[in-house]
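The values are calculated or read from the model by the stated rules, or taken from the named source; none is laboratory data. No experiment lies behind these values; they were computed from the predicted model shown. Cβ: placed from backbone, ideal geometry, glycine included. Neighbour counts: every protein chain shown.
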Amino acid sequence: MAASASEIARQDVSVSTEFANGLERMTAVIEATLDRALPPKSRRQRALSITASLIGAIAASRAVAKSDPKLANEIIAAARQVLEEVGGGR
């Protein structure tokens, strides 16, 4: 998803629909792991935020990896830490 996200806007609606379906599936998987004590709306918001953040972090990390591998790793580590906090991990 991270590799194709920026190209989706240039494609026709059928491609966008498939991307949206994949995004929804990924979000549902993440949402299912979140604390059931949270209200459903909050779980959905957290899951969407985590999904979008993962895609963005991977895209940013890949974009800088050739010129600055240390920064690429730092991006992934930072995203992992913050998203675990948002998701209720660690």
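Per-structure values
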| read-out | value |
| --- | --- |
| Test: residue in segment 67-77 that is in a helix (DSSP H, G or I), under 15 Å from the mean Cα position of the chain (by Cα), within 21 Å of Ser4 (Cα to Cα) and in contact (Cβ under 8 Å) with a residue 24 or more places away in the chain | no |
| Segment 1-37, residues that are outside any helix (DSSP H, G or I) and either farther than 23 Å from Glu84 by Cα or touching a residue at least 12 places away in the same chain (Cβ under 8 Å) (or both) | Met1, Ala2, Ala3, Ser4, Ala9, Arg10, Gln11, Asp12, Leu34, Asp35 |
| Criterion (of a type in the set (Gly, Ala, Ser) and either modelled with pLDDT of 95 or more or on the phi > 0 side of the Ramachandran plot (or both)) met by exactly one of Ala20, Ala63, Ala59, Ala32 | Ala32 |
| Qualifying position, being closer than 21 Å to Ser6 by Cβ, outside any loop (DSSP other than H, G, I, E, B), out of contact with any Gly (no Cβ under 7 Å at 6 or more places or on another chain) and in contact (Cβ under 8 Å) with a residue 24 or more places away in the chain, among Ser53, Ser61 | Ser53 |
| Considering residues of segment 52-75 that are farther than 22 Å from Glu24 by Cα and β-branched (Val, Ile, Thr) only, the residue surrounded by the fewest Cβ atoms within 10 Å (Cβ to Cβ) | Val64 |
